[in-house]
1. So, of the residues in segment 5-38 that are surrounded by 11 or more Cβ atoms within 10 Å (Cβ to Cβ) and within 30 Å of Met95 (Cα to Cα), which turns out to be nearest to the chain's Cα centre (by Cα)?
2. Within segment 1-46, which residues are touching a strand residue (DSSP E or B) at 6+ places or on another chain (Cβ under 6 Å), outside any strand (DSSP E or B) and among the aliphatic types (A, V, I, L, M)?
3. Only residues in segment 116-131 that are free of Cβ contacts under 8 Å to residues at least 60 places away in the same chain count as the first member; pair them with residues that are crowded, with 22+ Cβ neighbours inside 10 Å and among the small types (Gly, Ala, Ser), Cβ under 8 angstrom, at least 6 apart or cross-chain, and list the lot.
4. Mind listing whichever residues of segment 44-89 are within 14 Å of the chain's Cα centre (by Cα) and of a type in the set (D, E, K, R)?
5. Is it the case that Glu45 is surrounded by fewer than 18 Cβ atoms within 10 Å (Cβ to Cβ) and free of Cβ contacts under 8 Å to residues at least 12 places away in the same chain?
6. Quick one: what pairs do we get from segment 23-40, first residue on the phi < 0 side of the Ramachandran plot, second of a type in the set (Phe, Trp, Tyr) and in a loop (DSSP other than H, G, I, E, B), C-beta under 6 Å, 6+ apart or different chains?
Amino acid sequence: MRCPFCGHHDSRVVDSRQARDGGAVRRRRECSACERRFTTYECVEEVFPQIIKSDGSREKYDRIKAKKGVRLACSKRPIATTAIDEVIDRVERRMLQRGEREISSDWIGSAITSELRTLDPVAYIRFASVYRGFSDIEEFLHELRDLDRFQDGDSADES
């Protein structure tokens with residue numbers, strides 16, 4: 001491992017431990033030339049499936065794009081940035097667990113909507129209105145009624 005301070009290519013591992021909920025290994029290294037210490041992280045390279053868009057075109061999965069859409073739906077809502085990251089993390093885990101080489105953008109939109117439905121009803125409706133592309137007010141009202149029934153079911157489970 002190349003030292004970030006002097007550029008020397010030889011270092012030794014001083015300490016190793018799990019990081020990021022076991023998804024990575026954190027290593028403290030010491031350069032054999034300048035003896036300065038630095039930290040590296042080792043993790044599995046995850047290969048996400050190609051995304052099949054609604055027009056049939058394909059593109060690489062883009063976490064930043066997914067997160068931007070969720071962040072937009074959550075804007076001006078009392079939702080922590082960490083909660084948005086957790087939504088994207090759960091969707092990505094589900095995507096990888098499917099083990100498919102290609103996945104539809106529709107599947108991703110649906111997975112995000114189901115995560116937002118339990119996180120925040122306003123963010124859910126905002127995201128769903130863009131993702132589903134409601135063509136008229138009736139579709140929008142139907143979704144609101146459906147959400148209301150969903151929330152009534154949640155409150156009944158809590159009592």
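1. Top of the filtered list is Gly23.
2. Met1
3. Partner pairs satisfying both residue conditions: Leu116/Ala73; Leu116/Ala123; Leu116/Ala128; Ala123/Ala73; Tyr124/Ala73; Arg126/Ala73; Phe127/Ala73.
4. Glu46, Asp62, Arg63, Lys65, Lys67, Lys68, Arg71, Asp85, Glu86, Asp89 - these are the residues of segment 44-89 that are within 14 Å of the chain's Cα centre (by Cα) and of a type in the set (D, E, K, R).
5. yes
6. Filtered contacts from segment 23-40: Cys34/Phe5; Arg36/Phe5.
Every read-out reported here was derived from the displayed coordinates using simple, explicitly stated rules and does not represent laboratory data. Quick caveat, the model's predicted, so the values are computed rather than measured. Please note: Cβ atoms are built from the backbone with ideal geometry, for glycine as well, and neighbour counts cover all protein chains shown.
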